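Nothing in this text is a laboratory measurement; each read-out follows from the coordinates by a stated rule. Keep in mind that what you see is a predicted model, and the values were worked out from it rather than measured. No Cβ is skipped: glycine too gets one built from the backbone with ideal geometry, and neighbour counts run over all protein chains shown.
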């Protein structure tokens, strides 16, 4: 592991690297995110944006009450979001708990959804409170069951206490477990990180440690993927690309419930990181209710009148 | 001489228990019978209608679940509050329509009485229309009326307040939520009535009131897939055929009424039949 030549794996080098980061102008970030949210989107662009957003959805079910039946239904929806319209693209991936990965993978393969990935939440999601061997085993289980993406949570307690090297080492180890088999997404739970400076710091820490994606939230804590937080993370991946020529993906998750929110996210991506990021391999949206709203907006654009939730599935 | 500046009221829409301006920013002029300018109410847009439907849909399950007794209490509460603001409504009706004070006062009395009358229907409508059906087997077989869902309505041009109440009350008696388009020429009492609703324990989203042009909004109401029924009593007869044609796409129930009648309540209810084994 080279760490892109930014750190050598020692605590001293990590501290030096994190200390070299510029701070975030909080008022400026809020204002820029608010300004970008007012962009008007014309009908033709909106149609493209809806389809792009659908292809970027990580269709998620992370409930204690999940059953194999529910996960299978979700997989069917992931492959053909609107059964009456084959022009609707498949979503990016389904996101489930560790024990549902095998069920999801098998069902996806069975119904012709080989192109849809299975993302597993890992490392004692959502709190991250478990020993390292347990976290490694958690991740290994998911990969063995067929997960192609691992959504790990960081130890926010360690991060907020300034024990950055612990967080760094955890990410490095989980990345080693992932190897070539799975993409690693690192969840910060930005609602618990308090400041934008911390979000920027966590972003650079995770990227240097080998994350393929940085992700805002677990969806269990509010506030989750607010526009300024996503903006700060997008600026981080842009700056990281300038330093290393490596493109890291971003995944906002939690609180993105309707088409308007999703399109605002796409505007943020385009205006901050750039159009290269506007593809499912570099931008994902973690959501469950969002997909139905995207489908209803799509129906409205096709039919010319407002759709009803009675015409999409109840999840 | 007083140097106080007039405090003029801004007439806005009533959606989800709040008073937003139309998202379109459009307004139109309301003049009294003599052609004198009175106010600039909102000219509601299609997106305002959409927002109102989202609010009405979200509120419907909760309102449907409220007991008949509770629904009756709330309707009666609207009547109580309306009675207490009699002077304001009489003034508004007189200033906009130019009728005599006595006639406006009579409309207010009729409006309050009509609300009380509808309040009484909440716990009686299922007895009137429901049935215990005879069946050949050891079962009870009940038929009971249930709410249809989200209903749109167009209030008549006149009488502007009584007509509005006749458009709203029968729909919500049955457990539906409503989006009503007020009288275009005399919308002021409708928007003041929204203030009465906002202070009468009516849950947010159960009643939503728009102001604007009937010919513009009626086809949007008819085509919206998430509106289950449509009361077109206040829409000009020439427009009926167009609205009904548009609504065939979504099988929306469309009715038009001439007077207050329990049939108005039942029009937007659906019969549910339940089989229940005897002895269990």
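So the values come out like this:
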quantity: Inter-chain shielding of B:218-224 (mean C-beta neighbours from other protein chains, 10 Å cut-off); calculated: 2
quantity: Kirkwood Rh in Å, taken over region A:1-44 so that all alpha-carbon pairs contribute; calculated: 13.9 Å
quantity: Convex hull of Cα atoms in chain A, direction-averaged projection (nm²); calculated: 15.3 nm²
quantity: Length-normalised contact order for chain B - Cα pairs under 8 Å, 6+ apart - percent; calculated: 24 percent
quantity: Cβ-Cβ FRET estimate between residue A:134 and residue A:111, R0 fixed at 30 Å, reported to 0.05; calculated: 0.35
quantity: Virtual spin-label span in nm between residue A:245 and residue B:21, 7 Å along Cα→Cβ; calculated: 5.3 nm
quantity: Point-to-point label distance, residue B:68-residue B:272, nm (Cα→Cβ direction, 7 Å offset); calculated: 1.4 nm
quantity: Value of Rg/Rh across the protein assembly as shown [Cα atoms, Kirkwood radius]; calculated: 1.07
quantity: Residues B:57, A:39, sorted so that the one with the fewest Cβ neighbours within 10 Å comes first; calculated: A:39, B:57
quantity: Among A:241-247, B:230-236, A:12-18, the order from most to least packed when residues are scored by Cβ within 10 Å on average; calculated: B:230-236, A:12-18, A:241-247
quantity: DSSP bridge orientation in the protein assembly as shown - percent antiparallel, rounded to nearest 5; calculated: 25 percent
quantity: Angle in degrees between helix B:46-65 and the longest Cα principal axis of chain B, rounded to the nearest 10; calculated: 40 degrees
quantity: Peptides ranked, highest mean first, by Cβ atoms within 10 Å: ranges B:128-138, B:166-176; calculated: B:166-176, B:128-138
quantity: Sites residue B:129 and residue A:43 - FRET efficiency at Förster radius 60 Å, r taken between beta-carbons, to 0.05; calculated: 0.85
quantity: Region B:224-259 versus region A:149-176: alpha-carbon centroid distance in Å; calculated: 60 Å
quantity: Protection proxy ranking, peptides B:79-86, A:158-165, average beta carbon neighbours within 10 Å, highest first; calculated: B:79-86, A:158-165
quantity: Label point distance in nm, residue A:195-residue B:141, each placed 7 Å from Cα along Cα→Cβ; calculated: 7.4 nm
quantity: Of all DSSP beta bridges in region A:115-247, antiparallel share, percent nearest 5; calculated: 0 percent
quantity: Residue order, fewest to most beta carbons within 10 Å, for A:218, B:109; calculated: B:109, A:218
quantity: Ascending count of other beta-carbon atoms within 10 Å, so fewest first, for A:82, B:48, A:25, B:123; calculated: A:25, B:123, A:82, B:48
quantity: Angle in degrees between helix A:289-303 and the longest Cα principal axis of chain A, rounded to the nearest 10; calculated: 40 degrees
quantity: Antiparallel DSSP beta bridges within region B:46-277, percent to nearest 5; calculated: 40 percent
quantity: C-alpha long axis of helix A:101-110 to longest principal axis of chain A, angle in °; calculated: 40 degrees
quantity: At 1.306 mPa s and 10 °C, Stokes diffusion of chain B via Kirkwood alpha-carbon radius, µm² per second; calculated: 82 µm²/s
